[in-house]
Amino acid sequence: MKLVALWLATLTLAAITAASCSVNHRSGEFSCQGTADCADGRICVDNLCVSTAPIDGGDNPIDGGGSNGSCPSICTSCDPGTKMCKIDCAQSNGCKFPVVCPGGWNCDIQCNTNGSCLSGITCSDRDCKVECTGRNSCSNVACNAGTCTLDCIGNDSCRNVRGGTAKTSTINCSGDGSCSTVIGGNGAAEVNCMNNGACNKVTCGAGRCDVNCRDTATCNTVNCGSGRCNVDCAGNGSCDTASCGAACACDITCGTGTSCFDLTCGHNDTCKDIFEDCVSDTPACNTCPAGT
């Protein structure tokens, strides 16, 4: 009888454990398009409002959120007076955790070792500078509502980059094969593709978008968004495919030696000049609001 009772108790405990481990889908109250949609000091990461508290005792923080003038735990050093947080990944084991700039702080994020910062980088609503000097460093970099400067110096650095939601994002891709995928946001974006094979695919967003394809085989595919779009294809073999899409004004210039095999201008390709470049210098080809 004791064995039967023990067996029944074990079954009951297993049922309770299974029920407690059931999967709950994330609540809609934490979904977001930007940090402005979040409450309680949270910031928007991958369309989810994320807490600014450490995820553990501070060894692998998502965000330190410091108080009383102290440094947030994710910062290797900081200046509380200017709200500047420096994250030196050479001192943080290559930043193998998600790097999230603390809300309300400016950030200087240095991914300076090979393979560092591969778990994602999210900037805050203030100034954010990210240096990806290590080879194969930086993956899933998201500029947020603040000004964002991203320097992709290491070869094959900066896989999957997303521009900001409000202010200007400057994305400098100087490493071979850097910036494999760049997606613009609602803020202005300047994308500089300055070395062999950089910027394999650039997709602009709703903000103004300037794409400079300066070296060999850069900008394999460029798609403009809905904002004003300027694409300068200057490198040999650059811009295999370039499209104005729904841009309110679009200028795509293809220099000597560039590819531009598949070039699509606005208004059913009527916005072209005698060199077959896309131009917006006639009223019919420019519907952007004044001053944009």
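The values are calculated or read from the model by the stated rules, or taken from the named source; none is laboratory data. What you see is a predicted model; the values in this text were computed from it and never measured. A quick note on method: Cβ atoms are made from the backbone with ideal geometry, for glycine too, and the neighbour counts reach across all protein chains shown.
Just the residues that are in contact with a Gly (Cβ under 8 Å, 6 or more places away or on another chain) and among the hydroxyl-bearing types (Ser, Thr, Tyr), please, taken from the stretch 224-263.
Across the stretch 224-263, the qualifying residues are 226, 258, 259.
Within the set of pairs 6+ apart or on separate chains, which have a first residue in the stretch 83-103 that is in contact (Cβ under 8 Å) with a residue 12 or more places away in the chain, a second that is among the aromatic types (Phe, Trp, Tyr) and buried (at least 17 other Cβ atoms within 10 Å of the Cβ), and C-beta atoms under 6 Å apart?
83/105; 85/105
Among the residues in the stretch 121-128, are any under 17 Å from residue 172 (Cα atoms) and of a type in the set (Gly, Ala, Ser)?
No; the residues of the stretch 121-128 include none that is under 17 Å from residue 172 (Cα atoms) and of a type in the set (Gly, Ala, Ser).
For residue 156, which of the numbered conditions (1) at pLDDT below 95; (2) of a type outside the set (Phe, Trp, Tyr); (3) surrounded by fewer than 24 Cβ atoms within 10 Å (Cβ to Cβ) fails to hold?
Condition not satisfied by residue 156: (1).
Only residues that are touching a Ser or Thr at 6+ places or on another chain (Cβ under 8 Å) and farther than 16 Å from residue 209 by Cα: list them for the stretch 264-288, please.
264, 271, 277, 284, 285
Residue 116: out of contact with any strand residue (DSSP E or B) (no Cβ under 7 Å at 6 or more places or on another chain), crowded, with 24+ Cβ neighbours inside 10 Å and modelled with pLDDT of 95 or more, yes or no?
yes
Taking the options 67, 73, name whichever one is modelled with pLDDT under 95 and crowded, with 17+ Cβ neighbours inside 10 Å.
The conditions single out 73.
When the stretch 160-188 is examined, which residues are found to be more than 17 Å from residue 239 (Cα to Cα), crowded, with 20+ Cβ neighbours inside 10 Å and within 11 Å of the chain's Cα centre (by Cα)?
161, 162, 163, 164, 165, 169, 171, 184, 185, listed by residue number.
Inspect all residues belonging to the stretch 237-252 and state whether any of them is farther than 20 Å from residue 207 by Cβ, in contact with a Ser or Thr (Cβ under 7 Å, 6 or more places away or on another chain) and among the small types (Gly, Ala, Ser).
yes
Say whether the condition of being farther than 24 Å from residue 188 by Cβ and in a loop (DSSP other than H, G, I, E, B) is met by at least one residue in the stretch 282-290.
Looking for residues that are farther than 24 Å from residue 188 by Cβ and in a loop (DSSP other than H, G, I, E, B), one finds none in the stretch 282-290, hence no.
For the stretch 139-149, state whether one or more residues are surrounded by fewer than 22 Cβ atoms within 10 Å (Cβ to Cβ), in contact with a strand residue (DSSP E or B) (Cβ under 6 Å, 6 or more places away or on another chain) and in a loop (DSSP other than H, G, I, E, B).
No, the stretch 139-149 contains no residue that is surrounded by fewer than 22 Cβ atoms within 10 Å (Cβ to Cβ), in contact with a strand residue (DSSP E or B) (Cβ under 6 Å, 6 or more places away or on another chain) and in a loop (DSSP other than H, G, I, E, B).
Every residue in the stretch 131-152 that is over 11 Å from the mean Cα position of the chain (by Cα) and within 17 Å of residue 170 (Cβ to Cβ), please.
Listed by number, the residues that qualify are 131, 132, 133, 145, 146, 147, 151, 152.
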